[in-house]
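Worksheet for the structure shown next.
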Amino acid sequence: MERLISPTHSLKGTLRVPGDKSVTHRGLMLGALAQGESTLYYPLKAGDTLSTAQVMRQLGAEITEQGEHFRIKGAGLRLKEPDDILDCGNAGTLMRLVAGLLSGQEIFAVLTGDASLRRRPMGRVTLPLRQMGARIEGRENGQLAPLAIRGGGLRGIHYELPVASAQVKSALLLAGLFAEEDTEVVEPAPTRDHTERVFRHYGLPIEVEGRLIRTRRAEPFAAKDLTVPGDFSSAAFFIVAALITPDSEVTLEGVGLNPTRTGLLTVLKEMGADLSWEVTEGQDGEPVGWIRARSSQLRGVVVDPQLIPLMVDEVPILAAAAAWAAGETYIPGLEELRVKESDRVAAIAKNLQNLGVPVEAGPDWLRIRGGHVAGGGLVEPFHDHRIAMAFAVCGLPKGVTVQDAEWASISFPSFWEDLERLAGKK
């Protein structure tokens with residue numbers, strides 16, 4: 001589906017973005033492991049998380065949709081062996097986390113996904129899970145899906161992550177719930193901590209000592225309701241849209257403001273953004289609040305590479321902001337973006353070129369010279385939801401055409417309608 005966006009001269013209004021994708025994945029998995037029934041309030045219901053719900057159903061949980069929510073009847077700590085292949089769709093978080101979960105189960109299961117997911121690196125989780133005792137086979141010796149897993153008999157390990165990855169950390173912590181002896185994960189840099197928070201919410205063993213996270217074998221635990229905050233990564237598109245579109249003011253309400261997710265706010269403030277935000281409440285361990293963004297004259301910056309793990313999903317929309325900033329923006333530390341849903345470094349560079357923005361790309365960096373966005377350009381999503389939305393925003397003030405616009409539904413089904421409403425076009 002191709003979508004033509006006419007030049008937009010103002011964005012005004014208040015918006016609640018969909019539920020956080022990361023918290024929804026984890027809430028579905030932990031609800032499935034619990035004993036009893038619970039409600040997952042305001043989850044994201046989109047391509048990736050619907051795949052998670054279906055996978056957990058195949059593993060024995062009863063998950064039904066009740067309006068905006070999910071009702072979950074847990075299967076307990078021992079899941080059932082699925083009678084078919086588990087299809088993870090486009091969801092890398094699902095494949096990596098459920099690989100950890102299945103490694104602790106005395107069952108056999110096969111994980112696959114779409115063409116994009118089958119190209120993404122899985123060795124980073126299969127290697128340490130094998131060290132814990134899981135038997136995992138896959139293409140290129142377990143580097144690529146499909147993955148065949150026969151779990152059980154795990155022993156805890158001390159593992160130092162070679163790269164900062166919340167997904168690998170989470171996979172090992174989930175496996176550690178079923179392992180003899182402690183499981184310890186050491187991060188080279190802080191990453192999003194939703195898994196640690198949801199463990200605490202359910203009373204599961206979790207200890208954090210600086211960059212070392214420790215868990216151990218879990219006892220059966222009771223089901224417990226969980227409320228999902230709005231997804232900061234989804235809010236980010238409208239934050240930047242308001243900053244670069246003249247005469248704009250947008251307020252995002254009910255947004256998760258977990259400090260391991262909000263590195264983008266720090267960078268945008270350094271760029272001169274008129275931004276304010278406040279944590280107003282806590283929802284089941286996650287800080288929640290509002291963000292307000294107004295039209296701003298942005299300037300280029302050199303981004304601190306230590307911030308990249310705190311904004312890894314927001315780099316595409318940061319690049320869109322940099323395209324409108326005066327001067328040059330340099331973004332280092334992007335090796336992880338090469339192995340996301342697309343090669344995001346290449347996809348960002350290609351779309352900036354399509355919109356007339358001078359850009360250089362290296363193995364793990366981007367250099368963007370802002371202030372040169374042309375009207376009427378063409379956005380190529382490369383089968384990547386965040387690329388589709390980020391460059392729709394980038395071309396918004398002058399008009400843009402987005403190919404395969406349906407990719408946005410992977411994480412933000414109402415994106416196009418919300419954009420039209422704030423632009424006064426709906």
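Rundown of residues vs (1) open to solvent by 10 Å² or more (accessible area, probe 1.4 Å); (2) in a helix (DSSP H, G or I); (3) under 18 Å from Arg261 (Cα atoms); (4) among the charged types (D, E, K, R), yes/no style:
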{"position": "Val185", "(1), (2), (3), (4)": "no, no, no, no"}
{"position": "Arg217", "(1), (2), (3), (4)": "yes, no, no, yes"}
{"position": "Ser234", "(1), (2), (3), (4)": "no, yes, yes, no"}
{"position": "Ile239", "(1), (2), (3), (4)": "no, yes, yes, no"}
{"position": "Leu243", "(1), (2), (3), (4)": "no, yes, no, no"}
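Being at pLDDT 95 or above and open to solvent by 30 Å² or more (accessible area, probe 1.4 Å) is the requirement here; does Asp274 meet it?
yes
Is it the case that the range 281-294 has a residue that's in a helix (DSSP H, G or I), open to solvent by less than 30 Å² (accessible area, probe 1.4 Å) and in contact (Cβ under 8 Å) with a residue 40 or more places away in the chain?
No - not one qualifying residue is present in the range 281-294.
Every residue, every condition in (1) assigned to a loop (DSSP other than H, G, I, E, B); (2) assigned by the TED database to the domain that holds Leu337; (3) farther than 24 Å from Gly282 by Cα; (4) within 22 Å of the chain's Cα centre (by Cα), yes or no:
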| position | (1), (2), (3), (4) |
| --- | --- |
| Gly153 | yes, no, yes, no |
| Tyr159 | no, no, yes, no |
| Ser170 | no, no, no, yes |
| Phe178 | yes, no, yes, no |
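Six or more apart or on different chains, Cβ under 6 Å: which pairs go from a residue in the range 368-388 that's within 21 Å of Arg118 (Cα to Cα) and in the same structural domain as Ala346 (by the TED database) to one that's at pLDDT 95 or above and acidic (Asp, Glu)? Could you list them?
Pro381/Asp404
In the range 13-69, how many are open to solvent by 40 Å² or more (accessible area, probe 1.4 Å) and assigned to a strand (DSSP E or B)?
8
Could you identify the single residue in Leu102, Leu147 that is in a helix (DSSP H, G or I) and either out of contact with any strand residue (DSSP E or B) (no Cβ under 9 Å at 6 or more places or on another chain) or without any contact (Cβ under 8 Å) to a residue 60 or more places away in the chain (or both)?
Answer to the check: Leu102.
Which condition from (1) surrounded by fewer than 18 Cβ atoms within 10 Å (Cβ to Cβ); (2) in contact with a Ser or Thr (Cβ under 8 Å, 6 or more places away or on another chain) is the one that Arg211 breaks?
Looking at each condition in turn, Arg211 falls short on (2).
Only one of these conditions is not met by Glu140: (1) assigned to a loop (DSSP other than H, G, I, E, B); (2) over 24 Å from the mean Cα position of the chain (by Cα). Which number is it?
(1)
Do we have Ala390 as within 18 Å of Val240 (Cβ to Cβ) and buried (at least 24 other Cβ atoms within 10 Å of the Cβ) here?
yes
From (1) part of a loop (DSSP other than H, G, I, E, B); (2) in contact (Cβ under 8 Å) with a residue 60 or more places away in the chain; (3) open to solvent by 10 Å² or more (accessible area, probe 1.4 Å), pick out the condition that doesn't hold for Pro363.
The number of the failed condition is (2).
Within the range 70-109, restricting attention to residues that are out of contact with any Gly (no Cβ under 8 Å at 6 or more places or on another chain) and farther than 25 Å from Gly156 by Cα, which residue is surrounded by the most Cβ atoms within 10 Å (Cβ to Cβ)?
Leu86
Could you please tell me which pairs satisfy a Cβ distance under 8 Å, a separation of 6+ or placement on different chains, a first residue in the range 194-221 that is in contact (Cβ under 8 Å) with a residue 40 or more places away in the chain, and a second residue that is in a strand (DSSP E or B) and surrounded by fewer than 18 Cβ atoms within 10 Å (Cβ to Cβ)?
If the second residue must be in a strand (DSSP E or B) and surrounded by fewer than 18 Cβ atoms within 10 Å (Cβ to Cβ), the pairs left are Ile213/Val186; Ile213/Glu207; Thr215/Glu207; Arg217/Glu180; Pro220/Gln35; Phe221/Gln35.
Got at least one residue in the range 341-354 being modelled with pLDDT of 95 or more and in a strand (DSSP E or B)?
no
The values are calculated or read from the model by the stated rules, or taken from the named source; none is laboratory data. From a predicted model like this one, the values you see are computed outputs, not experimental measurements. Glycine also receives a Cβ, built like all others from the backbone with ideal geometry; neighbour counts cover every protein chain displayed. For accessibility, only protein heavy atoms count, side chains too; no ligands or nucleic acids. Shrake-Rupley method; radii C 1.70, N 1.55, O 1.52, S 1.80 Å.
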